[in-house]
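Heads up, the thing below is written out as C-alpha cells.
The values are calculated or read from the model by the stated rules, or taken from the named source; none is laboratory data. All figures in this text were calculated on a predicted structure; none of them were measured in a lab. As a convention, Cβ positions derive from the backbone with ideal geometry for all residues, glycine included, and neighbour counts pool all protein chains shown. Side chains are part of the model used for accessible areas, which takes the heavy atoms of the whole protein and leaves out ligands, DNA and RNA. Shrake-Rupley method; radii C 1.70, N 1.55, O 1.52, S 1.80 Å.
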Amino acid sequence: MAATTLVILGATGDLTQRLLMPALYRLHRLDLIPGLQILGYAKESWDRERFERHIQKGLRAFAPDFKPAEWRRFSRCLDYVAGDLSAGQLAALKGRLTPAALFYLALPPPLFGTAALALGEAGFAHSARGWRRLVVEKPFGTDLASAETLRTQIHRCWDEKQVLRIDHFLGKETTQNLMVFRFANRFLEPVWNTKHVAQVQISFAETLGVEHRAAYYEHAGALRDMLQNHLMQLFSLTAMEPLSTWDADLLRDHKVEVLRAVTPLDAGTVKACAVRGQYRQGRIGRSPVPGYRREPGVARDSRTETFAALRLEINNWRWQGVPFYLRSGKRLASDCSEIAVQFRKVPGPLPGAVAAGNNWMIFRIRPRECLDLIATAKRPGLKLAGHSVVLSAPYARDGEAEFSAYEQLLMDALSGERAHFLRFDEVEWAWRVIDPVLHAWQQGDPAFYAAGSEGPIEQQRLLAPGHHWRSIRLPAGAPR
Ligand code: BG6
C-alpha cells in the first residue's frame, strides 16, 4: 500500500475507540496496512500523548488480542490534531497529509454535512498526485428530504465516486455470503423465486437495550436505526437478480431495482404492514432490566419504538406473492439474527408416515455466522418416518482468520473497492420505502413488550395465513 493518511474526524468519540481503532490495530498487527498514518482530529485540545492514552485504554477494553509490544509499534502510526469543523481550523491538517488520504466522519450525524463541506473548502477533496475519499457513517439523513439535503451539501465538494457511505452490515461474512452462496451454486437459482419460496424472514434480535445512546436513539428508533439501512440491505441482497459482470455499480443497480419494485406502503396500508413496539421492564436471562422509558436520557413518556417489523412485497416476476418480513428489536429474548428463506411444501403423497416438513435455508448472523439448511430426513428405525434435520455449515474452519465488518470495510475503503458501500440511490430508495411508515408513526403509540420476550404480540398481524414468526428463543442449530 502506498503511503496513505487516514484522518478520523471525531477521533475522541465512542465509534473510534470501540470499533475503528480495534479494527485498525488488528489490521496493523497482521501487516495489512503498511505505510498507513492515522491522524486523529477532534475538538478536545489534547496532545498526541493524551490521545494515545485514550486509544490505548480503548484497545485494552475492546481489542481481544492487545499486546504491549504490538501497541508500541501501532502507536508510532498515530498522531493527533485538535480543532473544530471550520475550514480555517481544518487547514492545520495541511502538510500532514500524503497525496492519498481517506477522511472518516466518525461524528454525530448532524455534523456530517458541515464536516464534508469544510473539508472541501479547506481544499482536501482533491489531490493532484493521489486520491481523496470520504467515509460517511450511518444514518444518512433522518428521512428522504434530509438525506437529499445532506447529499447536496456533500456534493458541493465531493464526487459520488469519492463518497463511501458505510453500512457495517455489508462487511459481515453472512452479508457477503449471500452473494457468494446465491450465485456460486447451481442448485439455488432454479428455486430462488415465487414458485418455490413461500416467505422470507429477516430478523435481527438483540438482548442489549439502548445503553448510553439515548441522545441518538430517542430520535432514531428501530425503524431508522436498523431497518432503513441494515435490514434493507440484507433484503435487497436476498432478492436481487444475478449480475452479468462483477461490477460495483451493477451490483448497486440491482439492489436499487429491488427497492424500486417494493409495493409502496401508504397511510392506508401501514397498519397492516408495519408494527412497532417499545420494551417494558423484564428480565434478560436472570437479570431484571428497566423499561425503555426508565433508561438514562429517555423521556418518561417517550414514544420511540425499540422494535419495528415490516411486511414488504416485491412486485416483479421473481417475487410476486412472496411476503418478506423484516423485524428488529432491542431487549428481546436472545441475540439471534438471520435471513430465513422458507420453501413451499412438497406436494404429496409421501412414503409411509413421512409428513411434509418445512424446508428453511438460513443465513445466520448470530449467535454465530453459519449457514443452516433445515430438511426432512428418515428417522432411524424400523418404520418409514421422517424428522427434521439441520445441515449446518459454519463459514470459518478452525484456525481460519475471520475479520470483523469494520476490518473488512476499512480495507475496502483504503483500496478503493466501492461494492460494499452504499450509493446515494440505495439510500434514497430505502427512505422511499420507509418514509410512509415514519409519517404514519408520528401519530399513536408503540405496543409494549416485556424485556426478554419475543417482541409485541401485534407483530402477528403482519403474517399471511399459515405463516409463523420463527422463534428467536431456541439455541442456534435447533430445528424449528
Ligand atoms: C448499529 C445500530 O448500526 O448496529 C445498533 O446502531 C445495533 O443499535 C448494531 O446494536 C448492531 O450491529 P452489530 O454489528 O453490533 O451486531
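For segment 28-41, does any single residue satisfy the condition of being closer than 13 Å to C77 by Cβ, in contact (Cβ under 8 Å) with a residue 24 or more places away in the chain and assigned to a helix (DSSP H, G or I)?
yes
Per-residue answers, yes or no, for (1) among the acidic types (D, E); (2) surrounded by 21 or more Cβ atoms within 10 Å (Cβ to Cβ); (3) within 23 Å of K172 (Cα to Cα); (4) modelled with pLDDT of 95 or more:
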residue: M1; (1), (2), (3), (4): no, no, no, no
residue: L6; (1), (2), (3), (4): no, yes, yes, yes
residue: L20; (1), (2), (3), (4): no, yes, yes, yes
residue: Y41; (1), (2), (3), (4): no, yes, no, yes
residue: R48; (1), (2), (3), (4): no, no, no, yes
residue: R53; (1), (2), (3), (4): no, no, no, yes
residue: F66; (1), (2), (3), (4): no, no, yes, no
residue: S75; (1), (2), (3), (4): no, no, no, yes
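Could we say that S404 is touching a Pro at 6+ places or on another chain (Cβ under 9 Å), more than 16 Å from the ligand (Cβ to nearest atom) and either free of Cβ contacts under 8 Å to residues at least 24 places away in the same chain or of a type in the set (G, A, S) (or both) here?
Here the answer is no, as S404 does not meet what is asked.
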Which of the residues belonging to segment 128-153 are touching an Asp or Glu at 6+ places or on another chain (Cβ under 9 Å) and more than 16 Å from the ligand (Cβ to nearest atom)? D143, L144, A145, A147, E148, R151
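Tell me which residues, restricted to segment 294-324, are closer than 17 Å to E458 by Cβ, more than 14 Å from the ligand (Cβ to nearest atom) and crowded, with 22+ Cβ neighbours inside 10 Å.
Residues satisfying the conditions are A309, L310, R311.
Residue-wise test of (1) assigned to a loop (DSSP other than H, G, I, E, B); (2) at pLDDT below 95; (3) closer than 30 Å to Q460 by Cβ; (4) among the aromatic types (F, W, Y).
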{"position": "L326", "(1), (2), (3), (4)": "no, no, yes, no"}
{"position": "E338", "(1), (2), (3), (4)": "no, no, yes, no"}
{"position": "P351", "(1), (2), (3), (4)": "yes, yes, no, no"}
{"position": "G357", "(1), (2), (3), (4)": "yes, yes, yes, no"}
{"position": "F363", "(1), (2), (3), (4)": "no, no, yes, yes"}
{"position": "T376", "(1), (2), (3), (4)": "no, yes, yes, no"}
{"position": "L382", "(1), (2), (3), (4)": "yes, yes, no, no"}
{"position": "A393", "(1), (2), (3), (4)": "no, yes, no, no"}
{"position": "E407", "(1), (2), (3), (4)": "no, no, no, no"}
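For (1) surrounded by 13 or more Cβ atoms within 10 Å (Cβ to Cβ); (2) away from the ligand (no atom under 16 Å from the Cβ); (3) among the small types (G, A, S); (4) under 28 Å from F235 (Cβ atoms), each residue gets a yes or a no:
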site	(1), (2), (3), (4)
G348	no, yes, yes, no
G352	no, yes, yes, no
G357	yes, yes, yes, yes
W360	yes, yes, no, yes
L384	no, yes, no, no
Positions within segment 331-343 being open to solvent by 10 Å² or more (accessible area, probe 1.4 Å) and within 12 Å of the ligand (Cβ to nearest atom), in sequence order: R331, D335
Here is a list of conditions, (1) within 30 Å of T175 (Cβ to Cβ); (2) within 16 Å of the ligand (Cβ to nearest atom), and S388 meets all of them except one; can you say which number that is? (2)
Check R133, R129 and return the single one that is among the charged types (D, E, K, R), open to solvent by 10 Å² or more (accessible area, probe 1.4 Å) and modelled with pLDDT under 95. R129
Pick from segment 167-225, criterion away from the ligand (no atom under 16 Å from the Cβ) and of a type in the set (F, W, Y), ranking: nearest to R318 (Cα to Cα): W192
Limited to segment 92-116, what total is found for residues that are farther than 16 Å from D79 by Cα and either more than 20 Å from the chain's Cα centre (by Cα) or open to solvent by less than 10 Å² (accessible area, probe 1.4 Å) (or both)? 9
Just a yes or no: is a residue in segment 281-304 modelled with pLDDT of 95 or more and under 21 Å from the mean Cα position of the chain (by Cα)? yes
Please count how many residues of segment 413-432 are closer than 25 Å to R26 by Cα, away from the ligand (no atom under 16 Å from the Cβ) and crowded, with 18+ Cβ neighbours inside 10 Å. 3
What's the number of the condition L234 fails, among (1) within 11 Å of the ligand (Cβ to nearest atom); (2) under 13 Å from the mean Cα position of the chain (by Cα)? (1)
